[in-house]
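This report refers to the structure that appears directly beneath it.
Computed from the coordinates by the stated procedures, all read-outs in this text should not be read as laboratory data. Note that the structure is a prediction, hence the values are computed from the model and not measured. Glycine also receives a Cβ, built like all others from the backbone with ideal geometry; neighbour counts cover every protein chain displayed.
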Amino acid sequence: MDRKYTALVLAFLVAAADANSINLKSQPTSKLLEAGRNWGDLGQTANVNDYVDNTIEMLVPFIQKHGLDPMELPDVIEGFEVRPLLITYSAWLKIHDGYMTGLVNVARSSDQQVNYFAKMLRVRVQLQFSNLEFVYKYLVKVMNIGPTGGIIASLSRFVVIVDILLDFNNDEIQLQQFRLTDLGRLRVRFTGNILTDWLVNPVLNTFLRIFDTIIIKIVEINIRNAVQAEIDNINASVKEVIKAIEAYN
Ligand SMILES: *[C@@H]1O[C@H](CO)[C@@H](O)[C@H](O)[C@H]1NC(C)=O
């Protein structure tokens, strides 16, 4: 996100939390003071759904700039066992040349909340990504055969929750929480050569295990790193940004 946009977002969010502009539920100040610094459900809460809906396409260049769509995925080799008749054989599956697409299919997920209390602004953004596709090539080694082909896995959706705290007491911004959650339905199909009957399920199960334990974790880490890098950037210049906003107002 470029700096101008960042400034606009922050300016808007501050305005949203400070002025009684949009759906603002504000509580009497004395009560707030009594409540001390526990500002979770207290303070001022703004619902910024419309704002998020109108600016969400700003995320697309961000996603592309950070190489998140398409997102390169690592090669993985995983052993498994097959038992075509009476004998158990050890085998391995190698998946390679993998990438994910679809992160640009982003939409708001549920209500987006902004809380403002004690000169701290907490922004919790929940985004849904849909129609993600994971594309890999594979190689199986078992006994003396080595079938190869492609794997295409389609995931209907996942949700990313980003919780950011902007502290105007020291003009610092930091990532409070990042989570990839709410995985939708995953469909896997093989392309290229047809796998022998007794290999299909073991290979499929091995891929699913790799998906759950490695691939989706890598996707989460890559998105988190991009968000963290962007927040570090904003944090480094937040003092100037705030000065600019104040000058603008
Ligand atoms: C934000 O930037 C300041 C310097 O401007 C630095 O001292 C501080 O550690 C940074 N905070 C985070 C959470 O990165």
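Note on the range 63-130: the C-alpha convex hull projects to 9.0 nm² when averaged across all orientations.
Below 8 Å between Cα atoms, with a sequence gap of 6+, how large is the relative contact order for the range 108-249 in percent? This gives 20 percent for the range 108-249.
In terms of the Cα gyration tensor, with a ≥ b ≥ c the square roots of its eigenvalues, is the range 138-215 rounded because a/c is under 1.5, prolate because a/b exceeds b/c, or oblate? Prolate is the answer for the range 138-215, as a/c is 1.5 or above and a/b outweighs b/c.
Computed extension gain for Ser237 through Glu78, at 0.36 nm per residue and net of the alpha carbon distance, reaches 52.8 nm. A crude spin-label estimate for the pair Asp197 and Lys94, with each label 7 Å from Cα along the Cβ direction, gives 3.0 nm. Once the Cβ-Cβ distance between Leu186 and Ile145 is put in as r, and R0 is 35 Å, what FRET efficiency do you end up with, to the nearest 0.05? So the FRET efficiency works out to roughly 0.85. Each peptide in 101-110, 114-123 receives the mean, over its residues, of other Cβ atoms within 10 Å, and ordering these scores from highest gives 114-123, 101-110.
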